[in-house]
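Nothing in this text is a laboratory measurement; each read-out follows from the coordinates by a stated rule. Bear in mind that the values here come from a model prediction, so they are computed numbers and not experimental data. Glycine also receives a Cβ, built like all others from the backbone with ideal geometry; neighbour counts cover every protein chain displayed.
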Amino acid sequence: MNMTEEIRIITYVLLYVIILGATMLQFGNQLVWNRDAGLGLADDALGSVDFVKAHDLHGPIFNNYDVGGLLIYSLYPREKVFVDNRPEAYPKKFFSDVYVAMQEKDEIWKTELEKEKFNMIFFYRLDYTPWAQAFLIRRVGDASWAPVYVDARTIILLRRVPENARIISKYEIPKSAFGMH
């Protein structure tokens, strides 16, 4: 390789690094994988839990895998979780036959709802598994549940029962906010 080729390669590499660096500086905070990079909790990470505590909301809670640890950390022993992110703590059949199945099939959801008497759904809304997104869409559209809190990471829905009427009347988020009509 002659000197001219080496200079051209170095120039291309430097241009690539400069363009990539400028792009990351300009758009890096909008990238899906670059949410709150760093150590510790994001500034608003506990907003959903603070909402639960401030309004003295109670379970039983149906939550997804991703927020179980947060709920245990923040609400235990006052509230129990349905599932958390310790797969070894649950039988394999629980995940396939109950947890995922109740998000996929409304008849299983209704059976588990009757059994567990869920009062609150507390969900990491960026759970992009096919069953989670479909479940959330159905629950937001379900007249027996009211979305009362949403932030960049979580959504909270309360069951429409007399005990929740005051909170729902004050904080219910309209379906139109979710692109549902």
Checklist outcome for this item: Once Lys and Arg are counted +1 and Asp and Glu -1 for all other residues with Cβ under 15 Å from that of Asp56, the total becomes +1
Checklist entry - Which of (i) 1.16; (ii) 0.99; (iii) 1.12 is the computed Rg/Rh (Cα atoms, Kirkwood Rh) for the structure on display? => result (i)
Checklist entry - With axes computed from alpha carbons, what is the tilt in degrees of helix 130-141 against the longest principal axis of the chain, rounded to the nearest 10 within 0 to 90? => result 50 degrees
Item to check | Point-to-point label distance, Ala54-Ala22, nm (Cα→Cβ direction, 7 Å offset) | outcome: 4.3 nm
Item to check | Max mean-square fluctuation residue, GNM over the chain, Cα-Cα springs under 10 Å, options Ala146, Ala132, Ala54 | outcome: Ala54
Checklist entry - Between Glu104 and Asp142, how many nm apart are label points set 7 Å from Cα along the C-beta direction? => result 1.7 nm
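When only Cα pairs under 8 Å and 6 or more residues apart are kept, what is the percent relative contact order across the chain?
Numbers: 182 pairs, mean separation 31.3, N = 181.
This gives 17 percent for the chain.
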Checklist entry - Quick one: length gained pulling Lys92 to Val13 fully straight, 0.36 nm per residue minus the C-alpha distance? => result 23.6 nm
Next on the checklist: As I understand it, the value is the acute angle between the Cα axis of helix 3-27 and the longest principal axis of the Cα atoms of the chain; what does it come to in degrees, rounded to 10?
Outcome noted: 30 degrees
Next on the checklist: Beyond a 27 Å Cα-Cα separation, which of these cross-linked pairs lie in this structure: Lys80/Lys115; Lys115/Lys170; Lys93/Lys115; Lys53/Lys105; Lys53/Lys170?
Outcome noted: Lys115/Lys170; Lys53/Lys105
Checklist entry - Which value, in debye to the nearest 20, gives the size of the charge dipole of the chain about its Cα centre, when Lys and Arg are +1 and Asp and Glu are -1 at the Cβ? => result 480 debye
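Would you kindly state the longest site-free stretch of the chain, with sites defined as chymotrypsin sites (Phe, Trp or Tyr not before Pro) in a DSSP loop (not H, G, I, E, B) surrounded by at most 14 other Cβ atoms within 10 Å? Can you show the working numbers first?
Details: sites that count: Trp33, Tyr128.
Longest run free of exposed loop sites: 34-127.
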Next on the checklist: Can you compute 3J(HN,Hα) from phi for each residue in region 51-65, using the Karplus curve 6.51 cos²θ - 1.76 cosθ + 1.60 with θ = phi - 60°, rounded to whole Hz and x for Gly and Pro?
Outcome noted: 4, 4, 5, 4, 9, 6, 7, 10, x, x, 9, 9, 10, 9, 3
Item to check | Percent of beta bridges antiparallel (DSSP, region 47-178, rounded to nearest 5) | outcome: 75 percent
